[in-house]
Amino acid sequence: MRIGIMLRHFEQHGGGVNTYTRRLLPGLFAAAPADEFVLLYPREHLKGTYARFPNVSEQVVPAASVLVWDQLKVPRAVRRLGLDLLFNPKYSIPLTVDCRTAWVCHGLDWYVMPWASPWLDRVSHRYLVPRYAAKADAIIAVSEITREHVMEFLSVPGERVHTVYSGIPDVFYESPPAPALERTRERLQLPPQFLLYAGQIYPPKNFTRLLQAYARVGPARGVALVIAGGTANVLSRHELELPERLGIARWVRWSGWLEPQELACVYRLALALLLPSLFESFGFPIVEAMASGCAVLTSNRYGTAEIAEDAALLVDPESIEEIAAGIARLVEEPLLRARLSERGRVRAAHFTLARCVSETTAVLRGTTPPAHPAPLTALPKA
């Protein structure tokens, strides 16, 4: 089979979609050596990124705009290259191609909380995404709540929507050697005790309430907040200044985006991960932290509750008081952190990258992936 992969988003910020794509692709190539993968890039300098794989060829498809690339240039490339299947690890596909198509839905927060998207994106989400959904032969949903939302908001029959949980690489399951932990602490100038936020900053992340809750309990207990990632979209740039306005700037450290090996060390060094999002479809940091043995505080709704289940401390993301109380418990109760660490490792074992690759390959081949991870009903409440 000749499979084209749309990679217009390949140089996007280091958030979830880009992380998903870069982790998935090498596994797909290795899992299907008899298939040929044709990668479609928008820019010349990306050619050669996957030259080490013998079943991969790379094509540059330049275009002046997103819509021209998706709907004019890519269809021409599909016909010229004779592709059997076109796959986009993000959410758009050409509407005029004759080959089979599949794309990945990383969440429909645009429908759940449309106010959190810029107006131009809302137009695209309202008028284009439903057409992509109607056109696709298969849609991969990164969680069960995402599958439910695709069927509800985009009116897609259930047989065309497949839940394939995202996966994380082995580095997060492995124990880093002590020298690696110390090098990470020294390079990033990490304090002796700290809480961690990992990810981009935009409205669904609930960053303002997180900082307000942390300001109430963290500095008074001598515990810093480290932010790994931290780039903000146009609707959240003002949040980057919030630590200064709250008077906690000296307690907040910004590490920037980290490579997986270093991020795994940061999880090991942190007291807990804080991710009380208003909306997540999956939430890579939750699984990465759990696999690393780091206790997790997250939201009691949508994908965070689905992924974490009883392996995290769940809070109401709209309650600053509840978030603050949860942070205080994690700082003050080492036995709670230990219990969540144990449960988290068990839960994270369901979300391996190998499983994600295998089930994605099954969808692309037109078969149904295996059953979903089972809930942790045997574990007592935190």
request  = Please verify whether region 84-100 includes one or more residues that are in a loop (DSSP other than H, G, I, E, B), in contact (Cβ under 8 Å) with a residue 60 or more places away in the chain and under 20 Å from residue 280 (Cβ atoms).
outcome  = yes
Long-range neighbours under 9 Å by Cβ, at least six apart or interchain, first residue outside the structural domain of residue 223 (by TED's automatic domain parsing) within region 178-197, second surrounded by 19 or more Cβ atoms within 10 Å (Cβ to Cβ) = none
ask   = Out of all the residues in region 150-171, is one or more assigned to a helix (DSSP H, G or I), farther than 26 Å from residue 131 by Cα, within 23 Å of the chain's Cα centre (by Cα) and not small (Gly, Ala, Ser)?
value = yes
task = For region 214-241, name all the residues that are among the hydrophobic types (A, V, I, L, M, F, W, C) and over 24 Å from the mean Cα position of the chain (by Cα).
result = 215, 217, 220, 223, 224
Of the criteria (1) of a type in the set (Gly, Ala, Ser); (2) at pLDDT 95 or above; (3) outside any helix (DSSP H, G or I), which one residue 344 fails = (3)
task = Just name the residue that is farthest from residue 166 (Cα to Cα) out of those in region 266-314 that are touching a residue at least 60 places away in the same chain (Cβ under 8 Å) and of a type in the set (Val, Ile, Thr).
result = 266
request  = Return the residue satisfying two criteria in turn: it lies in region 118-158 and is without any contact (Cβ under 8 Å) to a residue 12 or more places away in the chain, closer than 30 Å to residue 237 by Cα and among the aliphatic types (A, V, I, L, M), and of such residues it is surrounded by the most Cβ atoms within 10 Å (Cβ to Cβ).
outcome  = 123
inquiry  = Checking residue 261 against (1) closer than 22 Å to residue 329 by Cα; (2) surrounded by fewer than 20 Cβ atoms within 10 Å (Cβ to Cβ): exactly one of these is not met. Which one?
reply    = (1)
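Listed here are the residues, each with its yes/no results for (1) on the phi > 0 side of the Ramachandran plot; (2) crowded, with 16+ Cβ neighbours inside 10 Å; (3) under 22 Å from the mean Cα position of the chain (by Cα).
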residue: 23; (1), (2), (3): no, yes, yes
residue: 27; (1), (2), (3): no, yes, yes
residue: 33; (1), (2), (3): no, no, no
residue: 38; (1), (2), (3): no, yes, no
residue: 41; (1), (2), (3): no, yes, yes
residue: 47; (1), (2), (3): no, no, no
residue: 56; (1), (2), (3): no, yes, no
residue: 59; (1), (2), (3): no, no, no
residue: 62; (1), (2), (3): no, no, no
ask   = Of all the residues that make up region 235-294, how many are assigned to a helix (DSSP H, G or I) and of a type outside the set (Ser, Thr, Tyr)?
value = 30
message = Looking at 167, 199 in this structure, which one is in contact with a strand residue (DSSP E or B) (Cβ under 9 Å, 6 or more places away or on another chain), at pLDDT below 95 and of a type outside the set (D, E, K, R)?
response = 199
task = Considering every residue within region 110-126, establish whether at least one is among the small types (Gly, Ala, Ser), more than 20 Å from residue 4 (Cα to Cα) and assigned to a helix (DSSP H, G or I).
result = yes
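The values are calculated or read from the model by the stated rules, or taken from the named source; none is laboratory data. Quick caveat, the model's predicted, so the values are computed rather than measured. No Cβ is skipped: glycine too gets one built from the backbone with ideal geometry, and neighbour counts run over all protein chains shown.
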